[in-house]
Amino acid sequence: MNIIVCLKQVPDADEVKTDPETGRIVREGIKGTVNPFDMFILEEALRLKEQFGGKITLLSMGPKDAIHTLYYGLAVGADEGYLLSDSKFAGSDTLATSYALSCAIKTLGLYDLIMCGIKTTDGDTGQVGANLAELLDIPSVYYVNRILSYQNDFIKVERFLEDRSQILEVHLPCLISIIKGANVPRMPTLEGKIEAEGKQLKILNAFEVNAIEKYCGIEGSPTRVIEIFLPEKRKKGVILKGCREQNITKLIQFLKNKKISIFGMCS
Ligand SMILES: Cc1cc2nc3c(=O)[nH]c(=O)nc-3n(C[C@H](O)[C@H](O)[C@H](O)COP(=O)(O)OP(=O)(O)OC[C@H]3O[C@@H](n4cnc5c(N)ncnc54)[C@H](O)[C@@H]3O)c2cc1C
């Protein structure tokens, strides 16, 4: 089974900052790490490879130092990695990002399965996987908890929705996203890190993946950040101490003053 795992480098949780002028996340000079949600897809891909054989190709788009994210994936057992990095991709929203990734995937050749994380800890939109599947014209299944079987160009998966779970059979090639906690991601070993040094790791630009310039970067991004602001801080509440009956009376009066109905009987 040939699997493409999309790994994104995100800023370390403690280092997330936004530029007040542009509303964009500041990425320069910030320590990056593998998007924690992508660890679950990587682990699932490794398990599939152990069971059925095949190849795991890592794909990331980002600045040059996102190469460390790919090294991490190679060190835990992926076979090769590609980083899309080009100033033409700067300013990409989720659509332009998905477009660039789709161009790279088309260039890389045949695949059975693409895996995306459920979301990222920085952009947090959860849109890229579904966009990507649309651009590649393949089915996608989100919120997968378990891959149950793989047979005759189909995979059977269990996915969790809010109030139920579903068992779905999906034709390959397809894209899936795995939920947080579906497995316990493994960590790289020293041996894995040494092996990673010898694996194929390539940086690709827009030209090399046949990306059309007008769909890339700012030009290809319909999203505009109008404003960015912190939500208003919640005011401190009042703690009612002392006599229970008096407190109930005070509370009822407070709700009446605010014109908040108590069991629909406020007057
Ligand atoms: C107007 C605008 C301008 C922007 N400019 C920039 C910019 O200049 N530089 C910049 O870095 N970001 C920029 N961004 C943010 C960028 O669009 C998002 O980081 C990107 O689209 C991914 O969105 P997300 O983090 O919400 O991913 P989600 O949709 O939440 O991610 C889901 C999954 O998709 C995959 N995935 C997502 N992004 C990538 C990736 N880059 N590589 C590989 N796999 C991926 C991962 O598997 C991930 O778990 C900009 C956003 C906007 C709105």
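The values are calculated or read from the model by the stated rules, or taken from the named source; none is laboratory data. Small disclaimer: the values here were computed from a predicted structure and weren't measured. FYI the Cβ positions are ideal-geometry reconstructions off the backbone, even for glycines, and counts take in every protein chain you see. All accessible areas refer to the heavy atoms of the entire protein, side chains included, with ligands and DNA or RNA removed. Shrake-Rupley method; radii C 1.70, N 1.55, O 1.52, S 1.80 Å.
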#### Entry: Residue count for segment 188-227, restricted to those that are touching a strand residue (DSSP E or B) at 6+ places or on another chain (Cβ under 7 Å) and open to solvent by less than 80 Å² (accessible area, probe 1.4 Å)
5
#### Entry: Meets criteria (assigned to a helix (DSSP H, G or I), within 30 Å of Ser85 (Cβ to Cβ) and either modelled with pLDDT under 90 or more than 15 Å from the ligand (Cβ to nearest atom) (or both)) for Lys214
yes
### Test set (1) more than 11 Å from the ligand (Cβ to nearest atom); (2) within 19 Å of Glu219 (Cα to Cα); (3) acidic (Asp, Glu) - Asp93 fails condition number
(1)
### Message
Out of everything in segment 1-20 that is of a type outside the set (Val, Ile, Thr) and within 13 Å of the ligand (Cβ to nearest atom), what residue ends up being modelled with the lowest pLDDT?
### Response
Asp19
### Summary
Log entry, pairs with first residue in segment 87-99 being in a helix (DSSP H, G or I) and open to solvent by less than 40 Å² (accessible area, probe 1.4 Å), second being within 7 Å of the ligand (Cβ to nearest atom) and small (Gly, Ala, Ser), beta carbons closer than 6 Å, six or more apart or on different chains, reads Ala96/Ser221
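Answer yes if at least one residue in segment 145-158 is more than 14 Å from the ligand (Cβ to nearest atom), in contact with a Gly (Cβ under 9 Å, 6 or more places away or on another chain) and not hydrophobic (A, V, I, L, M, F, W, C), and no otherwise. Spell out how you get there, then give the answer.
Kept after step one, since they are more than 14 Å from the ligand (Cβ to nearest atom), are these residues of segment 145-158: 145-158.
Now narrow it down to the ones that are in contact with a Gly (Cβ under 9 Å, 6 or more places away or on another chain): 145.
Pick out the ones that are also not hydrophobic (A, V, I, L, M, F, W, C) and you get 145.
Taking every residue of segment 145-158 in turn, at least one turns out to be more than 14 Å from the ligand (Cβ to nearest atom), in contact with a Gly (Cβ under 9 Å, 6 or more places away or on another chain) and not hydrophobic (A, V, I, L, M, F, W, C).
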#### Entry: Hits in segment 59-86 - residues which are touching a residue at least 60 places away in the same chain (Cβ under 8 Å), of a type outside the set (Gly, Ala, Ser) and either part of a helix (DSSP H, G or I) or within 24 Å of Glu191 (Cβ to Cβ) (or both)
Lys64, Ile67, Thr69, Leu70, Tyr71, Tyr72, Leu74, Val76, Asp79, Glu80, Tyr82, Leu83
### Task
Check every one of the strands (runs of 3 or more DSSP E) wholly within segment 107-185 and list those with 2 or more residues that are of a type in the set (Phe, Trp, Tyr) and open to solvent by 40 Å² or more (accessible area, probe 1.4 Å).
140-151, 154-160
